[in-house]
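Below is one structure; the comments refer to it alone.
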Amino acid sequence: MSNSASQNQYKYEHNNSNWSGTNLAVMIGGFVLFPPIGFIALAWMVFGKNVDIIGTIKGKASKMSRSSHCKGRGHRRHYGNTGNMAFDTYKAESISKLEEEMQRRKEQLKEEQTAFNEFVINLQQSKDQAEFNQFMKAQQAAENAAKNDKEDDSK
């Protein structure tokens, strides 16, 4: 009797029921926050076998973080050694030359961008000046026309 009691206690403590407290909390929270999530959790708990919603979410999150960690290491790659010192030295020198060339070209592009921005500013200033000069000529012509009309009316 003692043996069966301990087995029943073991089954009770390690119950793989879908209706665990955390699964119910996720389902109720899903209904509160966004009802379709609650329905999905409910369906998963009813039709799934040994459902652990929190464990599944943690597993997916860790997989995503591992894959994003590998992708987000930067532009530098680790090139392994081949075992041939001469080739490894050649490869390291070639990679450093390529990186220097890339850095030089980046600096060149920055300089070209600065020059282009200055060109656009000067172009806009000259356009504004031309429009202002045209406006002033129109104003002068209107003033001259008004003076001529006054002179004609006074005669």
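The values are calculated or read from the model by the stated rules, or taken from the named source; none is laboratory data. Everything quoted here is computed from the prediction, not taken from an experiment. We place every Cβ from the backbone using ideal geometry, glycine too, and count neighbours over all the protein chains shown.
For the reader, a short list of remarks on this structure follows.
- Where a residue in the stretch 9-28 is under 11 Å from ILE53 (Cα atoms) and among the aliphatic types (A, V, I, L, M) and its partner, wherever it lies, is modelled with pLDDT under 75 and surrounded by 10 or more Cβ atoms within 10 Å (Cβ to Cβ), with Cβ under 6 Å and at least six apart: VAL26/ILE53
- Positions within the stretch 60-105 being in a loop (DSSP other than H, G, I, E, B), of a type outside the set (Ser, Thr, Tyr) and either within 29 Å of the chain's Cα centre (by Cα) or at pLDDT 90 or above (or both), in sequence order: GLY72, ARG73, GLY74, HIS75, ARG76, ARG77, HIS78
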